[in-house]
Amino acid sequence: MNTLNAPASHPPLRVSPRAAIGALAADLLIALGMALALSGAVVGVLLILRATQAGIDLGAIDQLNTREIAQLIGADGMLALLVLQNLIFISVAVVRVRVLRREPLAVLGLSAPHPFRLVLFGIGLGLLALLLNGIVGVLFVSFGVRQNQAALYPLFPGDYVGQALFFIGAAVLAPIGEEVLFRGYLFGSLRRLAGDSRTGIAIAYGISALVFALSHSLAATEGLIGLLVPSFLIGLVFAWGFDRSGSLIPAMVAHAINNGIAFIALLTCINNPGTCPHM
C-alpha cells in the first residue's frame, strides 16, 4: 500500500516501451486534437447563435476583437467548453488504461488510501505552487513580460453568476481532467517505463511538465513565456506529488488551490476597477 512515508511503487507497464510510447503520443494527439476541434465547433455554434440573438450580422463576426468574442461566448459557454474538454481528457486516459490495457484505475492515481493525509499533502503542494507562480510572475513583470491570459476570459464587473460558473470550471473541472491526463496517464506511464533509471525519471518529469505547459499555450496571445514557465514548474510539482503519494488527490487539491486563489485575485481586480494596475 502506498503511503506518504515512502515513494509510490511503479509496476512496469504490460506492453513494450516502444508500443507504450507510441500509444502515449497517439492518445495525447487524440485528446488535445479532439478538445481543440470540438471546442472550435462549439465556439462557432455559440457565436452564430448569440450573434443572431444580439442582432449582429454574421459577416461581422470575424471583425470582432478578442474581448467581444469572449463576451458573446459568455461564462456559461466557457463552462460548457471546459466540461467538454475535461470529459475528453478523462475519457482518453480511462479508455486506454481500463478498457485497452485492462488495468485498475489505481494506476492513474484514482485511489485515496489515506484521504485526510493526501488532502493535507495537497494543500502543501498548492501553497508551493502559489509561491512559485508568485516568484516567477514578479520576475517576468520586472523584465516587462506580462501575459494576457485573463483578458481572454469572459469575465466582467458585476457579473457574479458568470464569474461563479467560470470559477467552477477553472478551480474544479480543470484540476480533475488535467491531472488525470497529464499526471495520472502521461507522467504515470512514463514513470513506470523509467523504472529505477534516474535519467528516465527525469525525462518523465520533464516531458509531462512540458506537454502540460504547452497545452496552455492557447490561453494567452501576449507574453506567452510568462505563462509557459510557471505552468512547467507547477507541472513538475504536481508530478512529484503524484510520484510521492501514488494518488492524484494531492495534485488535484494543489491544482484547485492554485487556480482558485489566482482566480479569486483576478475577480477582486475585475470587480474593483482601478485597484489593480494593468487591468
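Of all the numbered requirements in (1) without any contact (Cβ under 8 Å) to a residue 40 or more places away in the chain; (2) of a type in the set (K, R); (3) in a helix (DSSP H, G or I), R117 misses one, and that requirement is (1). For region 45-72, taking the residues that are charged (D, E, K, R) and in a helix (DSSP H, G or I), the one that is farthest from N148 (Cα to Cα) is identified as R50. Remark: pairs (first residue in region 155-173, within 18 Å of H216 (Cα to Cα); second residue among the aliphatic types (A, V, I, L, M) and outside any helix (DSSP H, G or I); Cβ separation under 8 Å; 6+ apart in sequence or on different chains) = F166/L155. Condition check: of a type in the set (F, W, Y), surrounded by 20 or more Cβ atoms within 10 Å (Cβ to Cβ) and either in contact with a Phe, Trp or Tyr (Cβ under 7 Å, 6 or more places away or on another chain) or modelled with pLDDT under 95 (or both). Does F263 satisfy that? In short, no.
The set of residues in region 23-43 that are at pLDDT below 90 and under 18 Å from G200 (Cα atoms) contains only A23. Among the residues examined, G134 does not qualify as surrounded by 17 or more Cβ atoms within 10 Å (Cβ to Cβ) and under 21 Å from the mean Cα position of the chain (by Cα). Every test in (1) out of contact with any Gly (no Cβ under 8 Å at 6 or more places or on another chain); (2) of a type in the set (A, V, I, L, M); (3) surrounded by 13 or more Cβ atoms within 10 Å (Cβ to Cβ) is passed by V43 save one, and that test is (1).
Applying the set (1) assigned to a loop (DSSP other than H, G, I, E, B); (2) under 28 Å from S39 (Cβ atoms) to V99 leaves exactly one unmet item: (1). Taking L152, is it modelled with pLDDT under 95 and within 27 Å of L248 (Cβ to Cβ)? In short, no. Name the single residue that is nearest to the chain's Cα centre (by Cα) among those in region 137-178 being farther than 14 Å from A262 by Cα, surrounded by 14 or more Cβ atoms within 10 Å (Cβ to Cβ) and among the β-branched types (V, I, T). Of everything passing the filter in region 137-178, I176 is nearest to the chain's Cα centre (by Cα).
For D196, the conditions (1) among the acidic types (D, E); (2) within 20 Å of L236 (Cβ to Cβ); (3) touching a residue at least 24 places away in the same chain (Cβ under 8 Å) all hold with the exception of (3).
Within region 103-148, being touching an Asp or Glu at 6+ places or on another chain (Cβ under 9 Å) and among the polar types (S, T, N, Q) holds for Q147, N148.
For L38, work out the one condition from (1) surrounded by 12 or more Cβ atoms within 10 Å (Cβ to Cβ); (2) more than 21 Å from G169 (Cα to Cα) it doesn't fulfil. Here L38 clears every test but (2). Pairing each residue of region 25-38 that is of a type in the set (S, T, Y) with any residue that is surrounded by 14 or more Cβ atoms within 10 Å (Cβ to Cβ) and in a helix (DSSP H, G or I), provided the two are 6+ apart or on different chains, yields no C-beta distance under 9 Å.
The values are calculated or read from the model by the stated rules, or taken from the named source; none is laboratory data. As the structure is a computational prediction, the values presented were derived from the model and not from experiment. No Cβ is skipped: glycine too gets one built from the backbone with ideal geometry, and neighbour counts run over all protein chains shown.
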